[in-house]
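Engineer: Quick one: this structure, given as structure tokens, is what I'll be asking you about.
The values are calculated or read from the model by the stated rules, or taken from the named source; none is laboratory data. Quantities reported herein were computed from a predicted structural model and do not represent experimental measurements. Here the Cβ is made from the backbone with ideal geometry for all residues, glycine too, and neighbour counts use every protein chain on show.
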């Protein structure tokens with residue numbers, strides 16, 4: 001490992017190249033889904049116009065390329081997607097990519113804050129539970145974890161709203177900023193943070209439970225390993241043993257799960273963003289379904305798949321960094 | 001992992017005679033876990049509610065059954081109160097249990113069936129077949145499952161059959177990976193070689209020889225799939241995208257949202273019902289895991 005950078009680079013490139021067939025599969029799949037949907041763009045347009053004569057409909061079909069064979073249409077669709085052209089949203093009267101980009105930031109903010117909360121608290125509580133395995137603290141934490149795991153996020157959201165907005169009046173019910181306040185600088189940051197407290201809590205709790213349980217098992221397993229005994233024999237104890245020797249190794253499965261679950265968390269944001277009326281990708285997915293805006297829906301599938309692929313590559317890199325035994329080949 | 005159990009199961013002839021003894025052993029191990037027993041009790045209660053829905057709360061649960069927004073424990077006719085349309089909450093809970101269970105069981109069967117077939121074929125044949133099937137699996141894992149579920153429901157409609165199928169379609173990847181891993185480790189075992197040398201067909205080897213040995217972890221995982229299926233259906237119904245013709249807990253919570261300030265019980269009661277049902281599956285899953293993998297460390 002005299003040259004640490006090149007293997008990392010080739011590894012990253014290789015992982016990205018491996019992801020390409022998956023992205024292509026998803027694109028082909030979403031194209032087929034659109035084709036399976038009853039009615040096409042022209043049907044929707046004609047429906048909006050209140051009907052048209054068959055010759056005009058045929059001309060429209062030719063204009064939109066819908067008279068071509070399915071393979072030709074697929075090829076055109078793929079070419080457009082490769083240029084990040086997801087078509088036109090008839091609901092927002094904008095290109096889909098513009099709609100997506102204006103909302104991506106909010107969703108990413110929610111994702112990052114939720115995963116950070118879930119990871120930090122999950123790992124800490126899991127490690128504490130393992131350290132005091134089978135004690136009262138452990139039982140308490142483990143039971144809490146089971147309840148968190150079984151709690152539907154939308155129910156938890158309503159409970160939080162009921163307690164912190166309706167009864168106590170501490171936190172705003174929804175939105176990303178106070179409407180009409182036009183705050184700037186740190187006041188704006190604080191405002192957004194206040195709006196994100198409940199959505200973050202609601203989205204992170206179930207994953208917190210996952211990481212906690214996994215961390216507990218993982219720490220218990222690592223604490224039994226030989227190198228921990230060796231470290232203890234050499235005099236390492238307390239915090240150093242826990243953080244330097246045990247935690248670092250016990251984190252590995254949690255990091256894997258974090259990467260694997262990113263797409264689930266993204267899916268969960270649909271419910272949370274809709275409840276807290278956060279203008280993000282998830283809420284967009286919900287409104288697109290209700291308004292049958294298929295172009296936008298396919299754009300969401302494409303963009304979230306790309307994000308998930310990127311996150312997975314990053315996870316693998318973090319994993320390799322945490323565990324030097326893994327060779328970047 | 002499960003060597004003592006699987007060796008018993010794979011002896012094809014005395015298997016039938018050993019079955020009661022084996023299930024008795026499993027039950028004893030399951031019983032040792034008190035949390036699992038609690039899960040079983042909760043599960044039995046949900047099943048009883050679903051079975052007795054028409055006896056305890058006869059008639060259409062979506063009909064007007066009393067004065068709107070009655071609080072719980074006020075009227076004898078509506079012990080758990082009514083919602084803003086005067087629908088009896090207890091009737092909704094009982095009939096909702098039926099829908100939740102049906103969706104949980106059927107969607108789980110669909111996802112496990114798809115997962116077993118894809119995982120078995122990929123793990124058994126390996127090579128290019130495995131490569132292609134794993135790409136498909138990864139593609140499904142990459143798309144956020146709830147977004148795919150919404151898309152499928154948006155395109156094919158939200159009848160209860162479509163919802164069940166769609167939930168099955170979005171949740172087969174984890175069982176598939178599990179079955180594949182088991183098959184990859186089992187396909188090189190001697191009993192598989194022996195079967196192959198006897199001229200047993202690939203299909204028979206996959207389903208009769210390897211699958212019974214690969215199933216225990218999948219059965220445990222089925223409880224997780226069941227819980228997530230129920231959560232997915234209730235989330236769909238909460239968003240108002242479920243089948244409107246059936247009483248569903250998620251839908252009750254969603255409708256209760258608009259009267260949250262004044263009548264919290266409209267959403268809290270069905271919320272607790274979902275919570276306890278999902279909890280029962282997780283607790284039972286753990287008990288099953290302990291029973292099937294007694295050597296695994298807790």
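Engineer: Select from region B:283-298 the residues that are in a loop (DSSP other than H, G, I, E, B) and surrounded by 14 or more Cβ atoms within 10 Å (Cβ to Cβ) and write down the one among them that is modelled with the highest pLDDT.
Structural biologist: Within region B:283-298, the match that is modelled with the highest pLDDT is B:293.
Engineer: Does region B:114-133 include one or more residues that are farther than 25 Å from residue B:163 by Cβ, surrounded by 19 or more Cβ atoms within 10 Å (Cβ to Cβ), more than 19 Å from the chain's Cα centre (by Cα) and within 13 Å of chain A (Cβ to nearest Cβ)?
Structural biologist: Scanning region B:114-133, I find at least one residue that is farther than 25 Å from residue B:163 by Cβ, surrounded by 19 or more Cβ atoms within 10 Å (Cβ to Cβ), more than 19 Å from the chain's Cα centre (by Cα) and within 13 Å of chain A (Cβ to nearest Cβ), so the answer is yes.
To keep it simple, each residue is scored yes or no on (1) within 19 Å of residue B:63 (Cβ to Cβ); (2) part of a loop (DSSP other than H, G, I, E, B).
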site: B:247; (1), (2): yes, yes
site: B:252; (1), (2): yes, no
site: B:256; (1), (2): yes, no
site: B:261; (1), (2): no, yes
site: B:270; (1), (2): yes, no
site: B:280; (1), (2): no, no
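Engineer: Which one is surrounded by the fewest Cβ atoms within 10 Å (Cβ to Cβ) among residues in region A:299-317 that are under 23 Å from residue A:42 (Cβ atoms) and more than 8 Å from chain B (Cβ to nearest Cβ)?
Structural biologist: It comes out as A:302.
Engineer: When region A:139-175 is examined, which residues are found to be surrounded by 15 or more Cβ atoms within 10 Å (Cβ to Cβ), under 22 Å from residue B:280 (Cα atoms) and more than 11 Å from chain B (Cβ to nearest Cβ)?
Structural biologist: Listed by number, the residues that qualify are A:141, A:144.
Engineer: Now, a different point. In region A:62-106, how many residues are more than 18 Å from residue A:34 (Cα to Cα) and modelled with pLDDT of 85 or more?
Structural biologist: Matching residues across region A:62-106 total 10.
Engineer: Can you tell me which residue is modelled with the highest pLDDT among those in region A:310-328 that are part of a loop (DSSP other than H, G, I, E, B) and touching a helix residue (DSSP H, G or I) at 6+ places or on another chain (Cβ under 7 Å)?
Structural biologist: Ranking the candidates gives A:323 first.
Engineer: I'm told residue A:241 meets every condition in (1) out of contact with any helix residue (DSSP H, G or I) (no Cβ under 8 Å at 6 or more places or on another chain); (2) at pLDDT below 80 except one. Can you identify the failing condition by its number?
Structural biologist: Here residue A:241 meets the rest and fails (1).
Engineer: Go through (1) at pLDDT 90 or above; (2) crowded, with 21+ Cβ neighbours inside 10 Å; (3) within 30 Å of residue A:289 (Cβ to Cβ) one by one and return the number of the condition residue B:165 breaks.
Structural biologist: (2)
Engineer: Something else: Look at residue A:266 and say whether it is in a helix (DSSP H, G or I), closer than 22 Å to residue A:115 by Cα, within 14 Å of chain B (Cβ to nearest Cβ) and within 22 Å of the chain's Cα centre (by Cα).
Structural biologist: Yes; evaluated as a whole, the condition is true for this residue.
Engineer: Whether any residue in region B:238-245 is buried (at least 21 other Cβ atoms within 10 Å of the Cβ) and in a helix (DSSP H, G or I) is what I want to check.
Structural biologist: Scanning region B:238-245, I find at least one residue that is buried (at least 21 other Cβ atoms within 10 Å of the Cβ) and in a helix (DSSP H, G or I), so the answer is yes.
Engineer: Keeping to region A:288-297, report how many residues are in contact with a helix residue (DSSP H, G or I) (Cβ under 6 Å, 6 or more places away or on another chain) and more than 8 Å from every other protein chain (Cβ to nearest Cβ).
Structural biologist: 2
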